[in-house]
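Written out below as structure tokens is the structure these notes cover.
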């Protein structure tokens, strides 16, 4: 399978901060789910910012295919003044049929009526599933998922993760989680950032 993310010899630290990455390399291929594990401050979310180009590495290279992000805090990724479905359609930037998103709503145990509400009307778990819905509808080759199911109950979490695993036919996934058992269950490979 071809690489959807290729990081070579990445070095990065914040100004006056500890070195987060030194000659760090990582490849994610289509069909793979790679988990990043590590305590708070170990650089998991920073790596996503580097991949997306929001931060600049001191050295090394990052190349990737078209990317979608699923944020740990979904309220920060939706504008409070507009209906969720309008924001999803704006992000997708193509004709989106109702059947297409209704199918995914069913897979994500998400009531379609909630999409027509503003974000603050939804619970954290509901909005997190909307964030996952948006990422899946973007049909990218790489999904960056930061604790994407942390606000969901165990049964819904399992259903959502199973559907995300089904999506590996189309893409690769880089997943941040603090849950070692979850990583062991779903990941093709787990990378610990504790010693970076």
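The values are calculated or read from the model by the stated rules, or taken from the named source; none is laboratory data. Just so it is clear, the structure is predicted and the values come from calculations on it, not from any experiment. Please note: Cβ atoms are built from the backbone with ideal geometry, for glycine as well, and neighbour counts cover all protein chains shown.
If we keep just the residues of the stretch 145-160 that are at negative phi and at pLDDT 85 or above, which is surrounded by the fewest Cβ atoms within 10 Å (Cβ to Cβ)? Taking the candidates together, the pick is 146.
Residue under question is residue 144, and the condition is that it be within 19 Å of residue 76 (Cβ to Cβ) and touching a strand residue (DSSP E or B) at 6+ places or on another chain (Cβ under 6 Å); does it hold?
yes
In the condition set (1) within 16 Å of residue 160 (Cα to Cα); (2) crowded, with 21+ Cβ neighbours inside 10 Å, residue 137 is compliant with all but (2).
In the set 112, 100, which member is touching a helix residue (DSSP H, G or I) at 6+ places or on another chain (Cβ under 9 Å), at pLDDT below 90 and more than 28 Å from residue 35 (Cβ to Cβ)? Result: 100 is the single residue among 112, 100 that is touching a helix residue (DSSP H, G or I) at 6+ places or on another chain (Cβ under 9 Å), at pLDDT below 90 and more than 28 Å from residue 35 (Cβ to Cβ).
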